Amino acid sequence: MADEIPRIEIEVEVNGRSYRREVEPRLLLVDFVRQELGLTGTHVGCESSYCGACTVLLNGASVKSCTMFAVQADGGRLETVEGLADGERLHPLQQAFSDCHGLQCGYCTPGLLMSARYLLSRNPDPDEEEIRKAIAGNLCRCTGYQNVIAAVRQAAATMRKEGAE
Amino acid sequence: MYPKPFRYHRARSIEEASRLLAELGEDARLLAGGQSLIPLMKFRLAAPEHLIDLNFLPDLDTLRESDDGLQIGALARHARIADSLGSPRWAILHDCASGIADAQVRNRGTLAGSVAEADPSGDWVPVLSTLEASLTVTGPAGERTLPLREAVLDAYTTALEPEEMIREVRISAPPAGSGGAFVAFKRTAQVYASASAAVHLELRDGVCSGVRIYLGCVGLTAVHAEEAEAQLKGRTPSGDGLERAAEAAAAAADPQPDMRGSREYKRMLVGCLVKEAVSRAARRAAGDTVRGGHLYG
């Protein structure tokens with residue numbers, strides 16, 4: 001294919017702010033977020049759709065942003081880990097991961113937070129089995145998941161009490 | 001890891017998608033959920049020059065249920081199927097949809113895409129085979145109906161012409177007094193199952209009047225375990241009949257040894273899965289609510 005590949009103009013709302021960019025069709029959504037927008041909280045882990053470190057919410061649904069092209073998010077609403085905190089105030093999930101020691105090295109944490117956020121948006125009071133199933137697409141090699149599960153339960157309780165989103 | 005450069009086409013209607021597919025020929029691939037295609041492209045095991053994105057098409061992300069049955073649109077994602085089909089009649093579809101890969105993949109991946117890929121380890125083909133599903137296929141010459149049993153020819157090979165696409169998957173309503181179950185054994189969420197069994201049972205006075213059993217991951221396509229069906233027909237779905245059905249299913253399986261297990265192990269696993277699936281299907285046929293889904297080990 002000798003001809004130059006046309007770039008595609010896309011508009012995506014990310015954490016409430018609208019961005020317009022021209023992108024190469026093969027640009028992965030995770031690299032759009034990290035390199036085009038400078039939002040490096042979303043991590044690149046396995047690059048092969050296993051580890052879930054790159055999990056973001058697209059129109060409210062969790063997706064692996066290494067397994068989507070940025071052009072597919074055109075017109076969509078994206079939420080990344082940077083969208084969780086309210087200024088200096090941590091989101092209840094972030095606070096709970098900190099309180100419960102739900103992380104060690106932290107590499108998988110942005111993805112786990114977004115998977116947990118997706119779960120709690122659909123099920124405000126999940127039991128342990130539901131939490132395990134919800135985070136099955138996120139690999140963590142440090143915690144053994146026990147404290148992650150404790151953190152999600154704590155966050156769920158806080159959010160139910162506060163009526164938080 | 002990056003795919004080779006490709007040209008991106010956003011189809012605005014099913015006719016346009018079909019026309020593009022015919023025009024661009026074998027250098028083009030359809031992009032639906034992309035959960036297999038995109039990793040394949042990143043590994044450069046696939047390098048299409050054109051991608052035709054179906055995700056912006058209206059009216060394809062559909063799930064229509066009527067007294068006659070179910071029509072599943074080409075863009076209906078596993079998560080939507082898991083969330084929407086709560087009725088006991090479709091329990092086997094819920095079993096399957098709720099356990100495919102992980103939540104993120106279920107939010108993107110589609111049932112029709114899984115059928116079109118025809119991966120020997122895919123979950124949907126054995127399940128849909130027990131329900132005698134058919135495909136509505138669109139191409140330049142118009143639409144045609146293709147029974148699923150004629151649609152999947154071999155591993156990664158379907159009877160669809162290169163310029164054809166699945167518009168929807170149709171399933172007739174199973175008769176009253178019937179039940180189905182799908183049991184797949186996986187080592188972890190993200191991987192394909194080591195083996196799976198899909199069972200549809202029709203019971204009359206506690207006796208199996210109709211049986212369909214298909215196995216996944218143990219052949220180039222779903223394995224139709226006809227001898228296992230024969231062992232159950234006219235008998236109760238339990239005891240010696242069930243033992244013999246499980247043995248027959250294990251014998252019908254033709255698994256390849258790989259990192260998921262040896263031939264012997266997978267055969268043994270098939271027997272266990274068939275027994276579990278038959279038991280769940282029988283309880284459902286009798287009107288019980290039975291939680292189903294994938295097993296992890």
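Couple of notes before you dig in:
- Residue-wise HN-Hα coupling along region A:62-67, computed from phi with Karplus coefficients 6.51, -1.76, 1.60 (Hz; x: Gly, Pro): 5, 9, 8, 6, 7, 10
- Net charge of the neighbourhood of A:Ala61, taken over other residues with C-beta under 14 Å away and scored Lys/Arg +1, Asp/Glu -1, is +4.
- Ordering of B:174-181, B:122-129, B:204-211 by packing [mean C-beta count within 10 Å, highest first]: B:122-129, B:174-181, B:204-211
- Amide H to amide H, with H built 1.01 Å from N, B:Leu295 comes under 5 Å of B:Ala184, B:Phe185, B:Lys186, counting only residues 5 or more places away or on other chains.
- Qualifying trypsin sites (Lys or Arg not before Pro) in region B:1-77, DSSP loop, other Cβ atoms within 10 Å at most 12: B:Arg12, B:Arg44
- Calculated over chain A, the projected area of the Cα convex hull averaged across directions stands at 10.0 nm².
- Cβ neighbours within 10 Å from other chains - mean over A:58-69: 6
- DSSP loop GluC sites (Glu not before Pro) with at most 16 other Cβ within 10 Å: longest gap in chain B: B:133-297
- Here the Karplus relation 6.51 cos²θ - 1.76 cosθ + 1.60, evaluated at θ = phi - 60°, turns the backbone of region A:30-47 into coupling constants of 5, 7, 4, 5, 6, 8, 7, 9, x, 8, 8, x, 6, 9, 9, x, 7, 6 Hz, with x for every Gly and Pro.
- Loop sites in region A:124-165: trypsin sites (Lys or Arg not before Pro), DSSP, at most 11 other Cβ within 10 Å: A:Arg141
- Only the Cβ atoms of Lys and Arg (+1) and of Asp and Glu (-1) were treated as charged; on that basis the dipole of region B:19-95 about its Cα centre amounts to roughly 280 debye.
- If you count Lys pairs in the protein assembly as shown whose Cα atoms are under 21 Å apart, skipping same-chain pairs closer than 8 places in sequence, the total is 10.
- Every helix of 4 or more DSSP H residues in the protein assembly as shown counts as -39500 (n - 2.57), and over all residues that averages to -9000 deg cm²/dmol at 222 nm.
- Neighbour-count order for B:Thr157, A:Thr143, fewest beta carbons within 10 angstrom listed first: B:Thr157, A:Thr143
- Rounded tilt (10° steps) of B:14-24 against the dominant C-alpha axis of chain B: 70
- Sites B:Asp288 and A:Lys161 - FRET efficiency at Förster radius 41 Å, r taken between beta-carbons, to 0.05: 0.65
Any read-out appearing in this document is the output of simple, stated calculations on the displayed coordinates, not a laboratory observation. Keep in mind the model is a prediction, meaning the values are calculated, not measured. We place every Cβ from the backbone using ideal geometry, glycine too, and count neighbours over all the protein chains shown.
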